[in-house]
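Structure first, commentary second.
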Amino acid sequence: MAIKAKMLGREKTMKLLRGIVPEAEKELAKAQMEAAQDLASKIRPRAPGPRTGQYQASIQADRLANRTGQQPVSQGLRGSTKDPNATGVFADFIWRFLEFGTVKMAKRPHIFPTYRQERPRIRRKMAASVRKAVKKVKTK
């Protein structure tokens, strides 16, 4: 017997989850922000830059809705999102040149290696926040 699965989009999945567990989205938004802040704090020490530390200080986490004029670090690579609670890591524009290099400058990756290292923890944190919200509803 073959198992069949139907893939739902993010919007439909979140709508179904909201119907079952209304607090899940709030818990998930909190976990997203915590994960983004943790990621930014781990990128900062790995960031190359001048001795002034101005570039390192520009690496911050925030909600995309709060910074409409600025693009987060990965926005240019992936496109936009429909998530109202989406968070991202923001940095000065020179992050692209440092991360990927230029014709005259060698690349010094510091953002994406850190993200790839932290991705499993971020996913676990987000899944745990949804599980926590579900447990709250189950105990009521």
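None of the figures in this text is laboratory data; all of them are computed from the coordinates on show. Being a predicted model, the structure only gives us computed values, none of them experimental. Neighbour counts run over all protein chains shown; Cβ positions are idealised from the backbone, glycine included.
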In the range 7-42, which residues have a backbone nitrogen under 12 Å from the label point lying 7 Å from F97's Cα in the Cα-to-Cβ direction?
none
Length gained if I3 through Q54 is fully extended, taking 0.36 nm per residue and subtracting the Cα-Cα distance, is 13.0 nm
Taking the Cα centre of the chain as origin, sum charge times position over the Cβ atoms of Lys and Arg (+1) and Asp and Glu (-1), and report the length of that vector in debye to the nearest 20.
640
List the extent of the Cα atoms of the chain along each of their three principal axes, largest first, rounded to whole Å.
57, 37, 28
Give the angle, between 0 and 90 degrees and rounded to the nearest 10, that separates the Cα long axis of helix 10-20 from the longest principal axis of the Cα atoms of the chain.
40
Among P72, A133, P84, which residue has its Cα positioned farthest towards the positive end of the charge dipole of the range 19-139, with +1 placed on the Cβ of Lys and Arg, -1 on the Cβ of Asp and Glu, and the dipole taken about the Cα centre?
A133
Just to confirm the number: angle between the C-alpha axis of helix 24-43 and the first principal axis of the chain, 0 to 90 degrees, nearest 10?
20
Normalising by the residue count of the chain, find the relative contact order in percent from Cα pairs under 8 Å and 6+ residues apart.
29
